[in-house]
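Down below is the structure, laid out as structure tokens.
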């Protein structure tokens with residue numbers, strides 16, 4: 001079957017809009033995760049290497065779940081002139097960075113002994129990565145394109161366990177060339193890099209080297225090598241299947257080997273290299289007593305002078321068993337859709353052209369929008385976290401998340417509410433996944449008293465899966481998130497079903513000696529929070545979250561006609577808001593008023609960890625903020641703007657506080673900065689500190705992270721600035737973050753906090769919302785954009801598109817496009833102007849909505 005059946009008619013690289021380029025000096029740390037939501041990934045390195053193989057349900061940063069060194073998975077290219085018969089063979093890799101030249105055994109990096117291309121650079125618009133390879137000794141130039149379909153509002157299409165690799169080879173000579181590209185992967189199922197089987201606890205048990213089997217298969221559409229290992233325990237997280245395949249092509253010569261010779265002194269790789277270098281073809285080996293399970297698949301084509309041809313490979317996998325933080329085996333959602341790795345490719349290969357086109361439509365619509373490059377980069381590149389091992393989906397489709405991942409395990413289990421409160425990518429791009437997380441929080445993590453454990457245990461048990469400790473910011477934030485997700489979906493049945501639990505979650509703040517035990521709209525009680533400590537007394541971080549929860553609950557109560565509860569929420573909000581401005585705002589920013597509990601016995605169980613409660617020193621409590629200027633003191637206001645709740649405290653105080661955060665917490669370099677904890681910014685890098693004490697009064701032992709820098713918190717402040725019209729300042733904060741993740745020092749696709757691919761960093765998506773002033777209510781069937789000319793990408797979790805606002809004379813011409821899904825609208829607001837329809841309009845890809853408004857600005 002011809003190549004164009006499975007790929008675009010022209011090279012894919014020419015259809016990808018490039019958002020960011022990295023030269024050869026900025027490739028060292030790049031790792032673009034390629035894989036689906038909840039499937040695990042393999043990452044594309046800046047020089048073309050496939051690294052961080054994280055497809056077997058565990059992270060793999062700093063160690064390998066596949067073979068390493070010259071035996072690690074790789075692709076190679078063979079070229080031969082048709083007339084001069086000169087042949088060349090190289091690994092499809094850029095040069096080794098000088099920092100990796102020294103090693104005690106001469107094995108500093110994978111593929112250290114292979115001929116490589118001398119020049120490399122990297123271009124990207126997530127989810128696409130393009131590695132450009134050139135070498136003066138080679139008659140070709142190569143563009144390696146790696147990706148996995150990513151289509152907002154379609155979690156299943158964005159959740160296929162596949163890495164698509166396209167090698168676009170251009171003949172730079174004036175003669176025809178014979179070119180072959182081969183992929184080589186040793187069967188690693190059940191193993192780590194030392195031929196060991198790993199169990200879910202991270203222990204390693206030796207197994208034999210002859211128990212992993214490779215099998216050549218061919219369907220009507222693809223052919224390749226299927227890998228399995230029957231000897232591996234079928235309950236193991238590393239049990240499963242893998243396949244490397246290529247499309248059937250009439251004009252291509254495809255050859256393969258399912259094994260190599262015994263790998264004494266790395267002879268299996270030598271054997272492949274010699275055979276491939278001879279003519280670009282492979283010959284299946286006779287089965288020996290001790291074969292090496294190294295699979296090789298070659299595609300050979302003739303390329304005319306100046307012509308470009310694409311060599312396509314698919315890597316698919318199927319590892320159904322996940323343990324995560326569960327004591328029992330869980331099943332990955334994607335494993336309910338496919339029987340094995342071969343089933344993945346045979347079911348999806350004919351869908352890939354459509355899915356690729358939809359992904360291209362997404363990135364083209366997005367990159368063509370009016371937003372600044374650094375804002376687009378920050379929001380888009382952090383979406384890769386959804387496809388990292390930070391995130392997984394269980395059998396029924398519910399999504400869960402670690403906070404991030406460490407080198408070999410997840411970091412901080414339980415879809416931690418006070419971390420996931422910050423991110424906005426999931427609800428605005430995949431609303432079904434977000435609503436599933438709300439169901440877990442209110443139905444499973446919360447008990448009958450309204451105590452919501454801010455981490456959820458697995459497997460799920462209704463009303464009993466939350467941990468024993470509740471977090472004030474986490475619990476109040478879930479109420480605002482529920483309001484957001486109800487509004488975006490317009491799902492009134494969801495609200496009706498869950499309202500009693502949402503109401504109970506808010507009411508828990510009012511238990512005796514609780515967060516707001518005297519029910520006056522002010523949180524005076526002991527408040528566990530995202531700083532992993534408890535604050536004593538009113539503070540802006542928890543207080544403004546609380547005000548947002550009260551305002552959201554009032555609106556939901558009115559919707560379900562719970563007028564008494566709505567009235568109570570309104571009264572508490574009104575008093576609490578006024579009190580906050582009067583007592584916590586110090587003229588420059590909101591600060592913490594220390595209010596220590598009367599006694600340890602007065603603190604209700606579940607509001608403080610048992611051991612910490614025993615150790616609590618009421619005379620000199622550690623880990624407080626007090627008069628400090630906190631970077632995310634307005635996180636509740638940030639969320640209120642995102643969900644359309646307006647100001648929770650005085651507008652002028654919000655603006656002043658953001659200016660103070662910038663004035664007191666901004667650092668133009670870290671050389672003079674002392675930090676006793678973790679460093680996520682160093683040297684001359686610019687950043688916003690977590691806290692400062694400009695007027696003195698720093699506690700002897702402040703909250704643990706006071707001197708650190710973490711991107712999720714920085715984004716919260718930056719987005720707040722954007723909402724308040726401080727565009728230059730907010731954009732600068734975002735630019736400073738992305739300058740730190742420059743490919744040379746850190747991966748652009750891995751913003752870290754307590755672990756790689758940290759969930760809180762997806763707060764960056766809120767920058768898109770702030771700059772466009774986007775709001776959508778599926779309840780009211782209303783949509784809103786900023787009153788300014790521009791092209792604004794938008795997404796509401798169930799559809800996406802763009803809104804183009806142009807000026808013609810004294811009128812503004814508005815065109816609302818839906819590129820995917822459908823959108824029901826009855827009211828459209830552009831700035832201060834409103835367009836209303838008598839009946840609901842359904843906007844779809846085939847039916848955009850166009851209208852004119854006067855005096856938009």
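Seen against the Cα atoms of the chain and their longest principal axis, helix 651-665 is set at about 50 degrees. Name the shape class, rounded, prolate or oblate, that the alpha-carbon gyration tensor gives for the stretch 775-854, where a ≥ b ≥ c are the square roots of its eigenvalues, rounded holds for a/c under 1.5, and otherwise prolate holds if a/b is larger than b/c and oblate otherwise. Judged from the Cα gyration tensor, the stretch 775-854 comes out prolate (a/c at least 1.5, a/b above b/c).
Helix 711-723 and the longest principal axis of the Cα set of the chain meet at an angle near 60°. When 303, 164, 18, 511 are arranged by Cβ crowding within 10 Å, least crowded first, meaning fewest neighbours, the order is 18, 511, 303, 164. Sorting 269, 137, 68, 346 from the fewest to the most surrounding beta carbons within 10 angstrom yields 137, 68, 346, 269. Ordering of 246-258, 629-641 by packing is 629-641, 246-258, highest average first (other Cβ atoms within 10 Å, averaged per residue). Label point of residue 594 set 7 angstrom out along Cα-Cβ; within the stretch 516-549, amide nitrogens under 20 Å from it belong to 523-543. Residues 701, 42, ranked from the fewest to the most other C-beta atoms within 10 Å, line up as 701, 42.
Helix-only arithmetic for the chain: the sum of -39500 (n - 2.57) across DSSP H runs with n ≥ 4, divided by the residue total, places the mean residue ellipticity at 222 nm at -7500 deg cm²/dmol.
Return a whole-number percent for the relative contact order of the chain, with Cα pairs under 8 Å and 6 or more residues apart as the contact set. Relative contact order here is 12 percent. The order of the peptides 605-617, 760-772 by mean Cβ neighbours within 10 Å, most packed first, is 760-772, 605-617. Looking at the stretch 775-854 alone, DSSP beta bridges between its own residues are antiparallel in about 90 percent of cases. Working ranking of peptides 736-749, 525-538, 834-847 by packing, defined as the average number of other Cβ atoms within 10 Å per residue, highest first, is 525-538, 736-749, 834-847. The distance between label points at residue 810 and residue 842 comes to 3.9 nm (points 7 Å beyond Cα on the Cα→Cβ vector). For residue 84 and residue 408, FRET efficiency with R0 = 56 Å and r from the beta-carbon atoms, rounded to 0.05? It comes to 0.65. In this label model, residue 578 and residue 156 are separated by 5.4 nm, measuring between points 7 Å along each Cα→Cβ vector. With respect to the chain, whose longest principal axis is taken over its alpha-carbon atoms, helix 492-507 is tilted by about 60°. Rounded, prolate or oblate: which fits the chain, taking a ≥ b ≥ c as square roots of the Cα gyration tensor eigenvalues, rounded meaning a/c under 1.5, else prolate when a/b beats b/c? Here the chain falls in the prolate category.
Mind running the shape call on the stretch 3-358? Use the C-alpha gyration tensor, a ≥ b ≥ c as the square roots of the eigenvalues: rounded below 1.5 for a/c, prolate if a/b tops b/c, oblate otherwise. Rounded. So, R0 is 30 Å and r is the distance between the beta-carbons of residue 278 and residue 108; what FRET efficiency does that work out to, to 0.05? Efficiency, from the Cβ-Cβ distance: 0.50. At a Förster distance of 41 Å, what's the computed FRET efficiency of residue 678 paired with residue 136, Cβ-Cβ distance as r, to 0.05? Plugging the Cβ-Cβ distance into 1/(1 + (r/R0)^6) gives 0.40. Counting only DSSP beta bridges whose two residues both lie in the chain, roughly 95 percent are antiparallel.
Throughout, read-outs are computed from the coordinates displayed, never taken from laboratory work. Predicted model, so just to flag it, every value in this text is computed and none were measured. As a convention, Cβ positions derive from the backbone with ideal geometry for all residues, glycine included, and neighbour counts pool all protein chains shown.
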